[in-house]
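Reading through the structure tokens given below for one structure.
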Amino acid sequence: MQARQIGRPNATSHARLQLILVALGAWNLLSFLLELTNAGPINVGDVDGLLGARAVSGATGVLGIAYLYAARNPVRYRFVLWLATLEQFVAMFTATFHWARGDVGGDNAVVPIIVSAAFLVLLMTNLPRQTDTI
């Protein structure tokens, strides 16, 4: 029986994944810091309801830290790459949903949709593929 190597990208592919994860981590941490200070482009108005505070819980901070940690070795932490891909789908959906409901204007929803779509395309085109060497 021969040895089998799975998911060993070349150095360029590895560096691209690291760059994408660092950029995604920086984007999430910036979002977290702006949400925390309630200043700048993120200005949270009324938050009410039983679970209203959950909407501004800071989950983007945790994801940003996870992305920066996984950037050390993206192939080893492949599940974080899939988590990042899923997060971009959810971010696009929620921005579109709130835009359609009229909670936010089109000018406020377009930037998160475009950035999430760009990160999604970058992640999907650079995910490590299974490569067999015999």
### Query
What is the residue count in segment 58-71 for residues that are within 14 Å of L24 (Cβ to Cβ) and not in a helix (DSSP H, G or I)?
1
### Message
Please go through segment 94-106 and give me each residue that is part of a helix (DSSP H, G or I) and out of contact with any helix residue (DSSP H, G or I) (no Cβ under 8 Å at 6 or more places or on another chain), ordered by number.
### Response
T94, F97, A100, R101
### Query
Could we say that A109 is modelled with pLDDT under 80, more than 30 Å from N10 (Cα to Cα) and either open to solvent by less than 60 Å² (accessible area, probe 1.4 Å) or part of a helix (DSSP H, G or I) (or both) here?
no
### Query
Of all residues in segment 1-31 being assigned to a helix (DSSP H, G or I) and open to solvent by 60 Å² or more (accessible area, probe 1.4 Å), which is modelled with the lowest pLDDT?
A11
### Message
Just to be sure I understand the filter: pairs with C-beta atoms under 9 Å, separated by 6 or more residues or on different chains, first member in segment 72-83 and among the hydroxyl-bearing types (S, T, Y), second member open to solvent by less than 70 Å² (accessible area, probe 1.4 Å). Which pairs pass?
### Response
Y77/L21; Y77/A66; Y77/A70; Y77/A71
### Task
Could you identify the single residue in F97, F79, F89 that is over 13 Å from the mean Cα position of the chain (by Cα) and open to solvent by 40 Å² or more (accessible area, probe 1.4 Å)?
F97
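The values are calculated or read from the model by the stated rules, or taken from the named source; none is laboratory data. This is a predicted model, so every value here is computed, not measured. We place every Cβ from the backbone using ideal geometry, glycine too, and count neighbours over all the protein chains shown. The accessibility values were calculated without ligands, DNA or RNA, using every heavy atom of the protein model including side chains. Shrake-Rupley method; radii C 1.70, N 1.55, O 1.52, S 1.80 Å.
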